[in-house]
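Reading through the C-alpha cells given below for one structure.
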Amino acid sequence: MPRIIEVSTDTSATLEETIEALAGIDFDPTCDERTQQAAKCLRALTNNRTFLGDMLLDQIKHRHREVGQESGYGPQSIVLSSLTGNALLRANIWPAEDDLCFKASGAKSFVYGIPHDHNFSFLTSGYLGPGYRSDYYEYDYADHAGYPGERAKLTFVERSALSEKKLMLYRAHHDIHSQLPPESLSVSLNVMHVDPAQHWYDQYGFDLEEERIERVLSPNSTEAFLRIAVATGSDKAQDYAEWVGRHHPSERLRQASFEARCVRLTQQHDRDALWREAEGAGSRMLTAIARGKREELAARAR
C-alpha cells in the first residue's frame with residue numbers, strides 16, 4: 001500500500017509559501033530526504049484550515065466568469081498551482097453517497113469502484129472529512145506485459161481511509177487501490193511528481209475478481225493523432241506508422257500503429273501478415289495482442 005509518511009509539525013503555511021517551498025526542493029519520490037521535505041510542505045499546507053475555503057469563495061465571488069486552468073482530471077479536481085519545478089499541487093473533492101453530485105453523476109465519475117494504479121508518484125494528505133476509503137493492493141509493474149486480460153499478480157494489503165492529516169506516498173506502478181466513497185464529504189491535497197516521460201508509461205485498470213489487467217487508463221494525444229493521420233490515407237503517415245511499429249520505444253504507440261494500419265486493410269491475409277509482423281516485434285505485450293488478433297481472424301475464416 002502507499003507509504004505512510006510521519007510528519008510532526010504544527011507549522012501552518014499559506015498556499016503561496018507552499019508553492020515557493022516546493023520550488024526549492026526538486027521533489028523526487030525515490031529519494032527519502034526530498035520526499036520528507038515535500039511531505040513537510042504538504043503537512044504545513046494541510047495545517048492551514050482556511051486557505052481552500054477562502055480560495056473557493058474568492059473564485060465564486062470574483063472569478064466565476066474567468067476561464068480557469070484546466071485540471072485534466074475530472075469534476076472533483078482543483079489545480080492549486082502551475083508546474084513548480086517537477087511538482088504540481090491540487091485538491092480533490094470526494095463526495096459521499098448521499099451528496100447530490102454523487103447521485104447525479106454516479107460513482108464512476110469520481111473513480112469509485114475502479115481499481116487502478118498510477119503512472120506517476122504523488123503525496124496525498126487528508127484535508128477535510130473522514131476521507132475516501134480504499135482497498136489497497138501491490139504489484140510489480142515489470143512482471144507484467146500490460147495487455148488487457150493478462151493475469152495480474154496482486155497482493156492485497158488492507159482497507160483503510162485517508163483520514164484528516166494522514167499523509168501517504170503513492171508509488172508509481174506499485175500501489176493499486178479501489179476507492180470507496182467516504183462517509184461524508186471529504187477533501188484531499190496532493191503534491192504530484194511530474195516526469196516528462198510519464199505519458200509513455202501506462203496506467204492500468206484492474207479486474208480484482210478475475211485478478212487481471214482490464215484496460216489501459218492512460219491514452220495520449222500522440223496515439224490519437226497517429227490513428228487519424230493513418231486513416232486519412234497519407235503516404236507519409238503510412239511510412240511514419242511503419243517506423244513507429246518497428247522502432248518506437250512506447251509499446252502502446254507501437255500497438256496503435258498496427259491497429260491503425262490494420263483498419264485500412266481489406267483482405268484477411270494482409271491483416272494476418274500485419275499481425276504476424278507485430279507478433280515478432282520483440283514486445284511481450286505486442287506478441288500477446290497480435291496472437292489474439294490472429295486467432296480472431298482465423299475464427300472468422302472458419
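Rundown of residues vs (1) assigned to a loop (DSSP other than H, G, I, E, B); (2) surrounded by fewer than 16 Cβ atoms within 10 Å (Cβ to Cβ), yes/no style:
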site: K153; (1), (2): yes, yes
site: F156; (1), (2): no, yes
site: N190; (1), (2): no, no
site: D202; (1), (2): yes, no
site: E210; (1), (2): yes, yes
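When P182 is tested against the conditions (1) of a type outside the set (G, A, S); (2) open to solvent by less than 10 Å² (accessible area, probe 1.4 Å); (3) under 26 Å from E33 (Cβ atoms); (4) out of contact with any Asp or Glu (no Cβ under 8 Å at 6 or more places or on another chain), the lone failure is (3).
Yes/no per residue for (1) in contact with a strand residue (DSSP E or B) (Cβ under 8 Å, 6 or more places away or on another chain); (2) on the phi > 0 side of the Ramachandran plot:
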site	(1), (2)
F206	yes, no
E209	no, no
A224	no, no
K236	no, no
R246	no, no
H269	no, no
W275	no, no
G282	no, yes
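Condition check for R284 on (1) out of contact with any helix residue (DSSP H, G or I) (no Cβ under 7 Å at 6 or more places or on another chain); (2) more than 24 Å from D143 (Cβ to Cβ); (3) surrounded by fewer than 15 Cβ atoms within 10 Å (Cβ to Cβ); (4) not aliphatic (A, V, I, L, M): one failure, at (2).
Pairs are defined by a Cβ separation below 8 Å, a sequence spacing of at least 6 or placement on different chains, a first member in segment 48-62 that is hydroxyl-bearing (S, T, Y), and a second member that is outside any helix (DSSP H, G or I); no pair meets this definition. Are there any helices (runs of 4 or more DSSP H) wholly within segment 236-302 with 1 or more residues that are over 23 Å from P219 (Cβ atoms), and if so which? Hits in segment 236-302: 268-279, 284-301. On inspection, H269 fails the criterion of being free of Cβ contacts under 8 Å to residues at least 12 places away in the same chain and open to solvent by less than 30 Å² (accessible area, probe 1.4 Å).
Scanning segment 243-266 for residues that are surrounded by fewer than 16 Cβ atoms within 10 Å (Cβ to Cβ) and under 24 Å from the mean Cα position of the chain (by Cα) returns a single hit, P249. Does S178 satisfy being touching a Pro at 6+ places or on another chain (Cβ under 8 Å) and either of a type in the set (S, T, N, Q) or in a helix (DSSP H, G or I) (or both)? So S178 passes the test. Just checking, does segment 96-109 include any residue being surrounded by 21 or more Cβ atoms within 10 Å (Cβ to Cβ) and of a type outside the set (D, E, K, R)? Checking segment 96-109: not a single residue is surrounded by 21 or more Cβ atoms within 10 Å (Cβ to Cβ) and of a type outside the set (D, E, K, R).
State whether the residues of segment 64-73 include one that is under 30 Å from K108 (Cβ atoms), surrounded by fewer than 14 Cβ atoms within 10 Å (Cβ to Cβ) and at pLDDT 80 or above. For segment 64-73, residues under 30 Å from K108 (Cβ atoms), surrounded by fewer than 14 Cβ atoms within 10 Å (Cβ to Cβ) and at pLDDT 80 or above: absent. Every listed requirement among (1) at pLDDT 95 or above; (2) within 14 Å of the chain's Cα centre (by Cα) is met by V111 save one, (1).
For segment 237-252, a tally of residues being in contact with a helix residue (DSSP H, G or I) (Cβ under 6 Å, 6 or more places away or on another chain) and either closer than 14 Å to G292 by Cα or in contact (Cβ under 8 Å) with a residue 24 or more places away in the chain (or both) returns 3.
The values are calculated or read from the model by the stated rules, or taken from the named source; none is laboratory data. Fair warning: this is a prediction, and the values are worked out from it, not measured in the lab. Virtual Cβ from ideal backbone geometry, glycine too; neighbours counted across all protein chains shown. The protein model used for the area step is the full one, side chains on, heavy atoms only, and it has no ligands, DNA or RNA in it. Shrake-Rupley method; radii C 1.70, N 1.55, O 1.52, S 1.80 Å.
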